[in-house]
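Asker: Here's a structure for you.
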Amino acid sequence: MTGSSRGTRLNLLPPSRLPSDPPGSGRPRSGLPTDLTLSELERQVIPAVLDRTGGNVAEAARILGIDRSTLYDKIRRYEIERPGKKEGGGA
């Protein structure tokens with residue numbers, strides 16, 4: 001998927017935990033991690049992407065394919081600390 005804006009890959013889950021069949025293929029979704037909820041997965045992925053972007057929320061949102069305001073909501077909801085941002089830094 002070279003040259004695509006959605007071609008960024010993260011190496012967060014080992015290949016053995018990724019689905020073997022693409023969504024919509026009509027085949028069973030073998031290999032999906034069934035022990036993680038979506039929020040648990042987001043709690044792992046969001047900090048990793050923020051770390052990779054040096055805390056750049058706009059870039060992280062682009063990589064994740066979500067709106068920047070949605071990412072800010074998730075950062076607050078999950079109490080995720082952004083790289084380079086001091087805790088309790090005030091407004």
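Each reported figure results from applying straightforward, stated rules to the coordinates on display, with no laboratory input. The structure presented is a predicted model; accordingly, all values stated were derived computationally and were not measured. FYI the Cβ positions are ideal-geometry reconstructions off the backbone, even for glycines, and counts take in every protein chain you see.
Asker: What order, most packed first, do the peptides 57-67, 72-82 have when packing is the mean number of other Cβ atoms within 10 Å of each residue?
Answerer: 57-67, 72-82
Asker: When T53, T34, T70 are ordered from fewest to most other Cβ atoms inside 10 Å of their Cβ, what list results?
Answerer: T34, T70, T53
Asker: Same structure, new question: Work out, step by step, the length gained on full extension between D35 and N56: first 0.36 nm times the residue separation, then minus their alpha carbon distance; give nm to one decimal.
Answerer: Using 0.36 nm per residue and subtracting the Cα-Cα distance, I get 4.6 nm.
Asker: Rounded to whole Å and sorted largest first, list the principal axis extents of the Cα atoms in the stretch 33-82.
Answerer: Rounded to whole Å, the extents work out to 30, 19, 19 Å.
Asker: What net charge is computed for the residues neighbouring I75, neighbours being all others with C-beta under 9 Å from the C-beta of I75, Lys and Arg scored +1, Asp and Glu -1?
Answerer: +1
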